[in-house]
1. Return the only residue of 289, 227 being crowded, with 21+ Cβ neighbours inside 10 Å, at pLDDT 95 or above and in a loop (DSSP other than H, G, I, E, B).
2. Of the residues that make up region 669-685, is at least one surrounded by 15 or more Cβ atoms within 10 Å (Cβ to Cβ) and over 30 Å from the mean Cα position of the chain (by Cα)?
3. Can you name the residue in region 1057-1068 that is touching a residue at least 60 places away in the same chain (Cβ under 8 Å) and crowded, with 18+ Cβ neighbours inside 10 Å and, of all such residues, is nearest to residue 706 (Cα to Cα)?
4. Does any residue in region 1069-1081 that is under 15 Å from residue 778 (Cβ atoms) come within less than 6 Å, Cβ to Cβ, of a residue that is in a loop (DSSP other than H, G, I, E, B) and at pLDDT 85 or above six or more places away or on a different chain, and which pairs are these?
5. Taking the conditions exactly as written (more than 18 Å from residue 302 (Cβ to Cβ) and free of Cβ contacts under 8 Å to residues at least 60 places away in the same chain), does residue 195 satisfy them or not?
6. Residue 649 is checked against (1) assigned to a strand (DSSP E or B); (2) surrounded by fewer than 22 Cβ atoms within 10 Å (Cβ to Cβ); (3) modelled with pLDDT under 90 and fails just one. What number does that condition carry?
7. Using the structure shown, decide if residue 355 is buried (at least 20 other Cβ atoms within 10 Å of the Cβ) and modelled with pLDDT of 95 or more.
8. Could you please find all residues in region 989-1005 being under 25 Å from the mean Cα position of the chain (by Cα) and part of a strand (DSSP E or B)?
């Protein structure tokens, strides 16, 4: 009886305990055996402010809620003390440590702690050890240096992603950097502290009065407090111009010192407060334990943050007013980062942040004998989630939901098995998918690195990866050669070992103490091992870096080869040593930092010493930002200074200035596009400035007040939150505001929109996408309400003609406004799923390399499960000629964007899965000097004559491309004019030194175009090619400018489209003006159109570098109405492209078809007259021209579906 009573009491006690107060898991060693005695600890989450304060306090160690040890079975059960989310850490002597956030009640799964001796590092300053420095590895492994500056620490598990080391000492600038070198992957445990820079300034209030007691902070420095006169001093800032923030009571302010000149004054204003709730977008349930943060854009300041309570609520106060991006993170949820909020001074703003439940993949990993594989690492490709298999092979892994588009694939790795690659998997939010993953015993493959004297080359990087698929979603990361390392290194005997399946691989070796060897598309098997790679230790180029006036340039910089192989070296104290192959090589120096100044390319013969590279002295850009209508200063904005000669995007630089002024110091000479972003103003502004050495370029940027779109999203009459509202981006993607999401009431607001007729889309997974066209008025509110309906789901499977599943097949749905270019990919079983589909018919096409594409027409009556069968199709064989064998691995042969193959070591290639008809085959050499050539072949009955693509055939055209004398990078294209008579387009890359080489297929005249990253091609004139020649291109030309006005009112038309043919499209600014730069001599057609106006076409001529000023007066248009009808079904059809020609044969409208109304009627505005209208699109042939009379009756345009 007593025993029964005790059991009853124990059961009662168990039932009354919190249901979710523990986290469970198990720990194994590398062999899959349980590890006993591993210490497992948990601590509560902290805000970023709290973490910073703790590390600077006398008690920097975190406070652990509970500490346990694993039992004989490696299992643990740790108490979270009812915290919804905790930071869990596990460690054991002689092993790596692991740290990650977990939710209360979660089974954390299985972990492997690998053997790893504790490592020693040293903290120094001026070469001497620094005692009592605080060292933080990862998030919670904390120690201090001894009297000699030495410390000892275990290493973090490389899979968990912990890769930071922080060192804090009150007498020096803090260090906060990656633990592993980003390029080489090796550990950097030694830290050299620097005194830093003393930053002095003053804190004032809105009226300019001193503020005492304000806390002033910057990244990686000890905070300061302002004195009675408002002055402050930060003794050891890590840089000369750090971002600063200050707070006193409920007043806050920030200062970007890069954007202002000393003395530094931080003005405090009433702070904003942000409150809200984090909820699941699946069921509206609150999410406790989420970390909500408001990062300060373009700075490394500690972001204001909060942790949500048991009801998912949070409050963040003391925030400087302005537009901020808000994000929320939680271990069980995905997303939460696409939230823009406008905070006003002294106000309290409330927001709901929606997050999406992770999907989950669970399953088992087994070998060829169906035996479980323990301690295998299951990892999502290219970062993200990972898991470890238990002794029975079981695993469970969080997985980002991806209902639209191909999901990620996963790899499974365990020595001695070959790396397994599975997927991709497209899962819905909260969905759990069960998989069975088989690993095959791998072939041991060994690489031996030797030098030219046949001596082993130890400790050089060796990277092995599967031959990369042309499908970006299926590209795989490097294959690990050890327990977790993907950047492998040769041992003392120069060896590196992997376990692989037979197949094609890319292999890279060397690059640090030797010249990197690149062996692409290698067929590897057991017979390939061991593979000996002879590395060239190279010779050296030694030199110094100076300014153009000869003064030493002791600045951070690098020197890089502009000719292959690409090699780089850092400049130290103005000197550099570059290891390159012997012979001719072109080198370039580039400053690291704001200016990115470049030297002129210099050709040298290696080995060489005493080489001098000259950097141009920097210039300066300054200006002022004003409201065009009022001419008043815009006080808060960001500026993008984009060099026209560079492929790289420049980040925005924030400014806060009462007079609207901005400046950029240390700007390299060259031509730049200046664009500005500010809340409430359109982003369709761009001003070009040219910077000369030591001189200042000035610009006044006039901003136009944007329109505002407000609206509400509902479904079945109820508010629908977390719907993304987007506008299609034109021109520079940065010219449009970020997408917004509907709030808990379904409401949304988008500010700063350009006026005119704009199309907006509302998207949410599981719902049918809806588009609305809204005519926006300048500086006014417009409204768009969306009613979304639950979409239907379509599942399917792709098989070959024998019924076998075809994984990794691209599935494209096109031809409907509901699913325009919706795509996904079949998984390991050939299965796929599409959600959020409407009832509009569309074409579903499956494409896979080696198979002929096939598809089906999908209508509302199509069953929910479909099967698409692919056959092998036709075959094209060919050969690449004119290249030495080492270049062949860098050649890609393609047809369109579906078929991609590489030639073998003899240059032979085979493309399978080709459909009958004429095909254009392109061969691209994807290393400098990059070149492309193409030919045409006709496939009949699945066969075609052999093809030869000769890189030495044709006429060689070589030269150098500059822009106003400055070297640029990009691409160049030669297009035959007139009757091509067998001539083909030829194109190539422009190298870093501005040189190019193309081979045209025949003599004649060619139109030359130069492409730069992020911009439309620039017309560079015509050239008559009669034989091998040099043709240098210097992009100079006239500036064509003008204005677009209303023909009746003579008022400027804002945001009108002006297209130059041949050339590019620009839009008018708030004054109705437009500009085309670098226009070479020739005749051009200007096509202008704007909402509520009929389009107009104007011919202009640029002669001798002079262009006329252009005025285009647009007439108010007359509505022309038409419908697009499928001739077979008689139903409205989705043909996205429409062109309209006037009586003279000139195109007056061309582009996307206007949206149809509920009756399928579309309309455009034209001047009265007779026109010829034609249209086409995916799945339809281009229609014959139909006569469109304006004004006139409704026109039905009949289009024919393409033959399948």
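The values are calculated or read from the model by the stated rules, or taken from the named source; none is laboratory data. Treat the numbers as computed from the prediction; the structure is a model and nothing was measured. Note that each Cβ is placed from the backbone with ideal geometry, even for glycine, and that neighbours are counted across all protein chains shown.
1. From the options 289, 227, the qualifying one is 289.
2. No, every residue in region 669-685 fails to be surrounded by 15 or more Cβ atoms within 10 Å (Cβ to Cβ) and over 30 Å from the mean Cα position of the chain (by Cα).
3. Let us first name the residues in region 1057-1068 that are touching a residue at least 60 places away in the same chain (Cβ under 8 Å), namely 1065-1067.
Checking the rest, the ones that are also crowded, with 18+ Cβ neighbours inside 10 Å come to 1066-1067.
Numbers: 1066: 18, 1067: 14 Å.
This residue is 1067.
4. 1070/628; 1070/704; 1072/1053
5. On the way: more than 18 Å from residue 302 (Cβ to Cβ): yes; free of Cβ contacts under 8 Å to residues at least 60 places away in the same chain: no.
For residue 195, the condition - more than 18 Å from residue 302 (Cβ to Cβ) and free of Cβ contacts under 8 Å to residues at least 60 places away in the same chain - is not met.
6. All conditions are met except number (1).
7. no
8. Let us first name the residues in region 989-1005 that are under 25 Å from the mean Cα position of the chain (by Cα), namely 989-992.
Listed by number, the residues that qualify are 989, 990.
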